[in-house]
Amino acid sequence: MSVKLEKVVETFYENLEQGRITGRKCKQCGAVEFPPVYACNSCGSTDMEWVEISGKAKMYSIVMPAPLSMKPEYKSLGKFAYGEVEIEEGARLNAVVRGMTKKKRKEIMENKKLPVSCHAAIYQRDGYKTVVFDLDEEQ
Ligand SMILES: [Zn+2]
């Protein structure tokens, strides 16, 4: 990992410690990258600034975790799934989405409700904070 990228990652985690979920906005084309990257994925510019994201997002796909692959540190997440999430600002990422059960997934798939609304939350892992998403209640 380059030193510059390390610095970006460091700032991202420092912001999380202060309760702020941040991405990087490209000053050239306006694209917002999340999780933050050093150079814009859309135009390659390195002229980027930190912005707080709204947290609003949509989940486009749902992958239930395989029970046997469940890592112990994931236990405190409760029910969750993996999925492709697009934040309001436009960036897409693969993320953990809490509050998803097999039953909910079935209902969402049967009623063709994707994408479903969710929002970003700060999750305390062992010794550091990270970002997960919570399924919005009204689906
Ligand atoms: Zn750009």
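Quick notes on this structure:
- Counting only protein heavy atoms and a probe of 1.4 Å, the accessible surface of the range 1-53 is 47% carbon and sulfur.
- With every protein chain in place, the range 70-139: carbon and sulfur % of accessible area (1.4 Å): 49 percent
- Computed FRET value (nearest 0.05) for Val51 with Gln124, which takes r as the C-beta separation and R₀ as 25 Å: 0.60
- For the chain, the longest principal axis of the alpha carbon atoms and the long axis of helix 3-17 meet at an angle near 50°.
- Surface accessible to a 1.4 Å probe, per residue, for the residues of the chain, Å²: 59 Å²
- The simple Förster model, with R0 at 41 Å and r as the Cβ-Cβ distance, assigns Arg20 and Lys102 a FRET efficiency of 0.75.
- Greater than 24 Å apart at Cα, pairs in Lys7/Lys56; Lys58/Lys104; Lys25/Lys58: Lys7/Lys56
The values are calculated or read from the model by the stated rules, or taken from the named source; none is laboratory data. Predicted model only: the values in this text are computed from it and were never measured. Cβ: placed from backbone, ideal geometry, glycine included. Neighbour counts: every protein chain shown. With ligands, DNA and RNA removed, areas are computed over all heavy atoms of the protein, side chains included. Shrake-Rupley method; radii C 1.70, N 1.55, O 1.52, S 1.80 Å.
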